[in-house]
Amino acid sequence: MQPFIKSVGGKTSLLPELMERVPRQGWDAYCEPFVGGGALFFRLCRAGLVLTREALLADSNAELIQLYQHMRDGDLFTPLYDRTRRLFLDYNGATLTNKEGLYYEQRARWNAGDHAPEVQVFLRQAGYNGLWRENKKGMMNTPWGKYETMSPEVLGRFRGCHAALAGVLLVAGDFRKVLDPLLVDKRRWLVYLDPPYYNSFTGYTAQQFTVADQEYLVKMAAGLDRMGHLVIYSNDVGMERRVAALWPAAEIARVQNRRSVSCLPNGRGAKTELLVVGAALAKELGR
């Protein structure tokens, strides 16, 4: 099972490393406050690890969470599928010049305030390098990606993702809003923290993720770890010293991740990144 949208910072190529750090037992619920494309969540579903557990997926991008809600809810899913299919067919049947026109027509529709979920899916697939980027006014400004076709494989993922999202709690909001309740929750959560990367382009939306946000998140990760929750954290290697200082009990590793979505063509190669696990998770894994 694969994500139904492209997402900056997607973790598909890092899944083997991530899954090595996920115990099959010892946790009651799953939380991902920076869900993006949800690669790890959907792989956990494929492995049958969230079927009997509560799952909470969140993101500060309210339109992205709205899209997930349409993918989850039965009365919204069929119209989403049909309208996305129609957009893909229109694109694939157009000349190259008309494909470009269709892309900018849909981008203008979005920026005019029509945030229909099928438009978001289309723009994420047809935009340059799969990038979703907004200016400070919140206007989506990614240029056309010059793709010849919209792959039917994307639509083929819809039904599996729809089934996987059944019963999942979806929250639009800041990571603090999502993680604060877990600090007093008696259940044991598996938490995956994948924030906007420290040394990467962060202008993907009008809301910026600051250095102060980065440091506060690491402190929250350390707090969750001390409470016994199982925490996995990923980021750019530029955060290594801060993580070591703010979360001294963490186990820090450097791993290679090949990015398929980037704001720059040469940004899609293999990159060295941090993959961190908390002391409670390391103990659960027998390390």
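Is there any pair linking a residue in region 276-287 that is surrounded by 18 or more Cβ atoms within 10 Å (Cβ to Cβ) to one that is among the aliphatic types (A, V, I, L, M) and assigned to a helix (DSSP H, G or I), with Cβ under 7 Å and at least six apart or on different chains, and which?
Partner pairs satisfying both residue conditions: Val276/Val243; Gly278/Ala221.
Is it true that some residue in region 124-135 is under 24 Å from Leu56 (Cα atoms), assigned to a helix (DSSP H, G or I), in contact with a Gly (Cβ under 8 Å, 6 or more places away or on another chain) and of a type outside the set (Phe, Trp, Tyr)?
In the first step, residues of region 124-135 are kept if they are under 24 Å from Leu56 (Cα atoms); the result is 124, 132.
Retained after the next criterion (residues that are assigned to a helix (DSSP H, G or I)): 124.
Remaining after also requiring in contact with a Gly (Cβ under 8 Å, 6 or more places away or on another chain): 124.
Still in the running and of a type outside the set (Phe, Trp, Tyr): 124.
Scanning region 124-135 turns up at least one residue that is under 24 Å from Leu56 (Cα atoms), assigned to a helix (DSSP H, G or I), in contact with a Gly (Cβ under 8 Å, 6 or more places away or on another chain) and of a type outside the set (Phe, Trp, Tyr).
Of everything in region 79-121, what is polar (S, T, N, Q) and either over 20 Å from Pro3 (Cβ atoms) or outside any helix (DSSP H, G or I) (or both)? Give them in sequence order. I'd like the intermediate steps shown before the answer.
Step one: of region 79-121, the residues polar (S, T, N, Q) are 84, 92, 95, 97-98, 106, 111, 120.
Scanning region 79-121 gives Asn92, Thr95, Thr97, Asn98, Gln106, Asn111.
Just one of Thr78, Thr12, Thr84 is at pLDDT below 95 and either buried (at least 22 other Cβ atoms within 10 Å of the Cβ) or hydroxyl-bearing (Ser, Thr, Tyr) (or both); which is it? Break it down stepwise before answering.
Numbers: Thr78 fails: at pLDDT below 95; Thr84 fails: at pLDDT below 95.
One residue alone meets the criteria, Thr12.
Check off (1) of a type in the set (A, V, I, L, M, F, W, C); (2) under 23 Å from Arg109 (Cα atoms); (3) out of contact with any Ser or Thr (no Cβ under 7 Å at 6 or more places or on another chain) for Ala164 and give me the number that stays unchecked.
Ala164 satisfies all of (1) of a type in the set (A, V, I, L, M, F, W, C); (2) under 23 Å from Arg109 (Cα atoms); (3) out of contact with any Ser or Thr (no Cβ under 7 Å at 6 or more places or on another chain) except (2).
Just to be sure before I move on: is Leu44 farther than 27 Å from Arg254 by Cβ and either in the same structural domain as Glu251 (by TED's automatic domain parsing) or touching a helix residue (DSSP H, G or I) at 6+ places or on another chain (Cβ under 7 Å) (or both) in the structure I sent? Reasoning before the result, please.
Values: farther than 27 Å from Arg254 by Cβ: no; either in the same structural domain as Glu251 (by TED's automatic domain parsing) or touching a helix residue (DSSP H, G or I) at 6+ places or on another chain (Cβ under 7 Å) (or both): yes.
So Leu44 does not fit the description; no.
In this structure, does His162 turn out to be under 23 Å from Gly38 (Cα atoms) and in a loop (DSSP other than H, G, I, E, B)?
Working: under 23 Å from Gly38 (Cα atoms): yes; in a loop (DSSP other than H, G, I, E, B): no.
No, not satisfied.
Is there a residue being assigned by TED's automatic domain parsing to the domain that holds Asp59, under 16 Å from Trp27 (Cα atoms), of a type in the set (A, V, I, L, M) and modelled with pLDDT of 95 or more anywhere in region 180-187?
In the first step, residues of region 180-187 are kept if they are assigned by TED's automatic domain parsing to the domain that holds Asp59; the result is 180-187.
Next, only the ones that are under 16 Å from Trp27 (Cα atoms) stay: 182-187.
Still in the list and also of a type in the set (A, V, I, L, M): 182-184.
Those left that are additionally modelled with pLDDT of 95 or more: 182.
Yes, the conditions are met somewhere in region 180-187.
So that you can scan it fast, the table gives a plain yes or no per residue for (1) within 14 Å of the chain's Cα centre (by Cα); (2) under 21 Å from Arg159 (Cβ atoms):
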| residue | (1), (2) |
| --- | --- |
| Ser13 | yes, no |
| Pro23 | no, no |
| Trp27 | no, no |
| Gly37 | yes, yes |
| Leu40 | yes, yes |
| Arg46 | no, yes |
| Leu49 | no, yes |
| Leu57 | yes, yes |
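Confirm whether Glu63 is modelled with pLDDT under 95, out of contact with any Cys (no Cβ under 6 Å at 6 or more places or on another chain) and assigned by TED's automatic domain parsing to the domain that holds Asp194. So that I can check it myself, show each step before the final result.
Working: modelled with pLDDT under 95: yes; out of contact with any Cys (no Cβ under 6 Å at 6 or more places or on another chain): yes; assigned by TED's automatic domain parsing to the domain that holds Asp194: yes.
Answer is yes for this residue.
Could you check region 68-92 and list, in sequence order, the residues that are in contact with an Asp or Glu (Cβ under 9 Å, 6 or more places away or on another chain) and closer than 30 Å to Leu182 by Cα? Step through it out loud before you land on a result.
Narrowing region 68-92 to residues in contact with an Asp or Glu (Cβ under 9 Å, 6 or more places away or on another chain): 68, 70, 79-87, 92.
The answer is Tyr68, His70.
Can you tell me which residue among Arg85, Arg21, Arg53, Arg72 is under 28 Å from Gly228 (Cβ atoms), out of contact with any Lys or Arg (no Cβ under 7 Å at 6 or more places or on another chain) and in contact (Cβ under 8 Å) with a residue 40 or more places away in the chain?
Values: Arg85 fails: under 28 Å from Gly228 (Cβ atoms); Arg53 fails: in contact (Cβ under 8 Å) with a residue 40 or more places away in the chain; Arg72 fails: under 28 Å from Gly228 (Cβ atoms).
It is Arg21.
Looking at (1) at pLDDT 95 or above; (2) surrounded by fewer than 16 Cβ atoms within 10 Å (Cβ to Cβ); (3) touching a Ser or Thr at 6+ places or on another chain (Cβ under 9 Å), which one does Asp194 not meet, given that it meets all the others?
Of (1) at pLDDT 95 or above; (2) surrounded by fewer than 16 Cβ atoms within 10 Å (Cβ to Cβ); (3) touching a Ser or Thr at 6+ places or on another chain (Cβ under 9 Å), only one is false for Asp194: (2).
Being crowded, with 16+ Cβ neighbours inside 10 Å, over 21 Å from the mean Cα position of the chain (by Cα), in the same structural domain as Asn111 (by TED's automatic domain parsing) and modelled with pLDDT of 95 or more is the requirement here; does Trp144 meet it?
On the way: crowded, with 16+ Cβ neighbours inside 10 Å: yes; over 21 Å from the mean Cα position of the chain (by Cα): yes; in the same structural domain as Asn111 (by TED's automatic domain parsing): yes; modelled with pLDDT of 95 or more: yes.
In short, yes.
Could you please let me know if Gly167 is within 27 Å of Val50 (Cα to Cα) and exposed (fewer than 13 other Cβ atoms within 10 Å of the Cβ)? So that I can check it myself, show each step before the final result.
Working: within 27 Å of Val50 (Cα to Cα): yes; exposed (fewer than 13 other Cβ atoms within 10 Å of the Cβ): yes.
The answer is yes for Gly167.
For region 38-48, what are the residues that are in a loop (DSSP other than H, G, I, E, B) and buried (at least 20 other Cβ atoms within 10 Å of the Cβ)? Show your work before the answer.
Residues of region 38-48 in a loop (DSSP other than H, G, I, E, B): 38, 47-48.
Within region 38-48, just Gly38 meets the criteria.
Each row is one residue, and each column tells you yes or no for (1) outside the structural domain of Ala126 (by TED's automatic domain parsing); (2) buried (at least 17 other Cβ atoms within 10 Å of the Cβ); (3) of a type outside the set (D, E, K, R); (4) at pLDDT below 95.
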| residue | (1), (2), (3), (4) |
| --- | --- |
| Ala221 | yes, yes, yes, no |
| Gly238 | yes, no, yes, yes |
| Val243 | yes, yes, yes, no |
| Trp247 | yes, yes, yes, no |
| Glu251 | yes, no, no, no |
| Asn257 | yes, yes, yes, yes |
| Gly267 | yes, no, yes, yes |
| Thr272 | yes, no, yes, yes |
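The values are calculated or read from the model by the stated rules, or taken from the named source; none is laboratory data. Keep in mind it's a predicted model, so treat the numbers as computed, not measured. We place every Cβ from the backbone using ideal geometry, glycine too, and count neighbours over all the protein chains shown.
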